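Here is the structure we will look at.
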Amino acid sequence: MAEMLPVPATSLDPQKPATMQASWSARLIGLLEEQPLLEAAQKKLTDWLQPLVDWSESTGLKDVLHGRQIGHSLHPIATDLPIGFWTSAMLLDLAGAKRSARLMTAMGCATAVVAAASGTADWTATHGRERRLGLLHGALNVTGLACQATALVSRRHYTRWNWIGSAITTATAYLGGELVYGRGVGVDHDAWTAGPADWTPTCRVTDIPEGLMKGVQVEGRRVLLHRQGAFVSAMENACTHMGGPLDEGRVDAEVVTCPWHGSRFRLTDGACMRGPATFPQLRLEARVRGGVVEVRGRAG
């Protein structure tokens, strides 16, 4: 008699990505992020924030909040501070050092403003379910901050509000972990790319327009070639921010702009010139042999 295969507990629905993964956490997060209220709220908030986003881009503040100048996202650094201060406040309060505990709470509230600003900047470069989950993550963190601010001004219920705020912030950190580790928000999308180990032919050097770029296929992925006179440079085609196809972007003064979120990279060396990307593009060695451009990449 043929062996019967187990029937999945839930049917797969591509419109509900949580059903495509067999884990309780995926189902729980899916239930949260699929709420229509979040979609409506993110649209209203996006419209409200757009003038501020445009201003921050024109002044360079948005790049600072993304963390481009430090080489990776500012947000995880900024979040460590309020969490550390508020945790210290809880311990000091338990030890009876009430004034020191309030000082730590105040420091946590102050640094949480930077964490909120950097998180908002990163959130504006997300879409779909990541945007909805990010909104929930941010809203809960603001709630935790409000509880800590209430604790700071409360004479009789400091401990209660401090613990409630810390509990909310800790639970919300789980959603932040899902966004980074589960969805890849803020990570280098070229981080796991390596090779080819040997010199690999791509195209003829004359196929690359002077001063412009050309995407070529190398070991199952796209590599971006740029030619300036006799000099040819090569870098990964997938934008480090979210994997956008750079060969579909526009070129201006040897700088390519990602068509997805507007990150800008210098074609000659892959340097990140504007966010939301914070990592430079991974470069490959390039040479011309017999009129053909050959490339090789870093070791894995």
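The values are calculated or read from the model by the stated rules, or taken from the named source; none is laboratory data. Keep in mind it's a predicted model, so treat the numbers as computed, not measured. Counting neighbours? That spans all protein chains shown, and the Cβs are built from the backbone with ideal geometry, glycine included. Remember, those area values only see protein heavy atoms, side chains included, never the ligands or the DNA or RNA. Shrake-Rupley method; radii C 1.70, N 1.55, O 1.52, S 1.80 Å.
Between region 168-237 and region 83-159, the C-alpha centres lie 36 angstrom from each other. Note on region 185-300: Kirkwood hydrodynamic radius from all Cα pairs is 13.8 Å, rounded to one decimal.
Non-local lysine pairs in the chain, meaning eight or more places apart or on different chains, with alpha-carbon distances under 27 Å, amount to 4.
Semi-axes of the equivalent ellipsoid of region 106-191 are 28, 12, 10 Å, computed as sqrt(5λ) over the eigenvalues of the C-alpha gyration tensor in descending order. Note on the chain: along the principal axes its Cα atoms extend 81, 69, 37 Å, ordered by decreasing extent.
To put it simply, the accessible area of region 209-300 at a 1.4 Å probe is 48 percent carbon and sulfur. The residues E39, E57, sorted by heavy-atom accessible surface at 1.4 Å with ligands and nucleic acids left out, run E57, E39 from largest to smallest.
In the calculated pair distance distribution of region 78-222, what percentage of Cα-Cα distances lie above 23 Å? The proportion of pairs with Cα distances above 23 Å equals 52 percent.
Overall, the ratio between the Cα radius of gyration of region 142-239 and 2.2 N^0.38 Å, rounded to two decimals, is 2.03. Report summary: the helix-based calculation at 222 nm, which adds -39500 (n - 2.57) for every DSSP H run with n ≥ 4 and divides by the residues of the chain, gives -15000 deg cm²/dmol. Per residue, the accessible area of region 153-300 comes to 50 Å², computed with a 1.4 Å probe over protein heavy atoms only.
For region 117-157, carbon and sulfur atoms together expose 60% of the accessible surface, with a 1.4 angstrom probe and every protein chain in place. Per residue, the convex hull spanned by the alpha carbons of region 23-71 comes to 81 Å³.
Shape class of region 53-122 from the Cα gyration tensor (axes a ≥ b ≥ c, square roots of the eigenvalues): prolate, since a/c reaches 1.5 or more and a/b is larger than b/c. Across region 179-184, computed HN-Hα scalar couplings (Karplus, 6.51 cos²θ - 1.76 cosθ + 1.60, θ = phi - 60°) run 5, 7, 7, x, 10, x Hz from first to last residue, x flagging Gly and Pro. Of the peptides 80-90, 232-242, the ranking by mean beta-carbon count within 10 Å, highest at the top, reads 232-242, 80-90.
Computed in the context of the full set of protein chains, the accessible area of region 37-78 at 1.4 Å probe radius has 68% of its extent on carbon or sulfur.
Computed over the chain with a Gaussian network model linking Cα atoms closer than 10 Å, the most mobile of Q15, Q228, Q217 is Q15.
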